[in-house]
Amino acid sequence: MTIVKINIHKVHAERNLSTRGGQVKIHNNVSIKEIEDLSFAVEGKKGLKFTFSFNCGYEPDLGRIEVEGQVLYVETDAKVNEIKKMWAKEKRVPGPVMEQIVNAALHKGNIQAIKISEDISLPSPLPLPKVKAKP
């Protein structure tokens, strides 16, 4: 199992200026939208493009961040065929592959969301480390 690259092709963010402050809840979600063949010229290997959507929602309606991209994945012919067959039949991916793809998408999506949240004055979607001085 090898992830070759993670590409981002869409970023959308908005902040609702009319929402008042207070307790903010942040929800992150990743989903696989589509799987396509990836042309890959190595004997015995095939590639797949997993198109993903990363969404970060703020409650109450403070704003949202959406990131879409593709995880490029390379594996043996047999494994790729198994993944494609399962996706076509059930819109699911085998557990170990799904874990790897979702973790890659979460990583890339969270990094983008942290950068964007700073630009549009939303709280960071992940708690950032802080230093506390001893008295």
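Test of understanding: among 96, 135, 127, 123, which residue is in contact with a helix residue (DSSP H, G or I) (Cβ under 8 Å, 6 or more places away or on another chain) and surrounded by fewer than 17 Cβ atoms within 10 Å (Cβ to Cβ)? Give the steps one after another, and end with the answer.
On the way: 96 fails: in contact with a helix residue (DSSP H, G or I) (Cβ under 8 Å, 6 or more places away or on another chain); 135 fails: in contact with a helix residue (DSSP H, G or I) (Cβ under 8 Å, 6 or more places away or on another chain); 127 fails: in contact with a helix residue (DSSP H, G or I) (Cβ under 8 Å, 6 or more places away or on another chain).
Matching residue, one of 96, 135, 127, 123: 123.
Residue by residue, here is whether (1) surrounded by 14 or more Cβ atoms within 10 Å (Cβ to Cβ); (2) of a type in the set (A, V, I, L, M, F, W, C) holds:
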{"position": "31", "(1), (2)": "no, no"}
{"position": "47", "(1), (2)": "yes, no"}
{"position": "53", "(1), (2)": "yes, no"}
{"position": "62", "(1), (2)": "yes, yes"}
{"position": "71", "(1), (2)": "yes, yes"}
{"position": "77", "(1), (2)": "no, no"}
{"position": "89", "(1), (2)": "no, no"}
{"position": "106", "(1), (2)": "yes, yes"}
{"position": "109", "(1), (2)": "yes, no"}
**Fill in**
Among the residues of segment 105-135, the number that are assigned to a loop (DSSP other than H, G, I, E, B) and out of contact with any strand residue (DSSP E or B) (no Cβ under 9 Å at 6 or more places or on another chain) is 9
**Request:** Output the residues belonging to segment 66-88 that are closer than 17 Å to residue 33 by Cβ and of a type outside the set (Gly, Ala, Ser).
**Result:** 66, 67, 68, 70, 71, 72, 73, 83, 84, 86, 87
**Prompt:** For segment 29-76, which residues satisfy the criterion of being touching a helix residue (DSSP H, G or I) at 6+ places or on another chain (Cβ under 6 Å) and among the charged types (D, E, K, R)?
**Reply:** 46
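Each value in this text was obtained by applying a stated rule to the coordinates, not by laboratory testing. No experiment lies behind these values; they were computed from the predicted model shown. Using ideal geometry, Cβ is built from the backbone for each residue, glycine included, and neighbour counts are taken over all protein chains shown.
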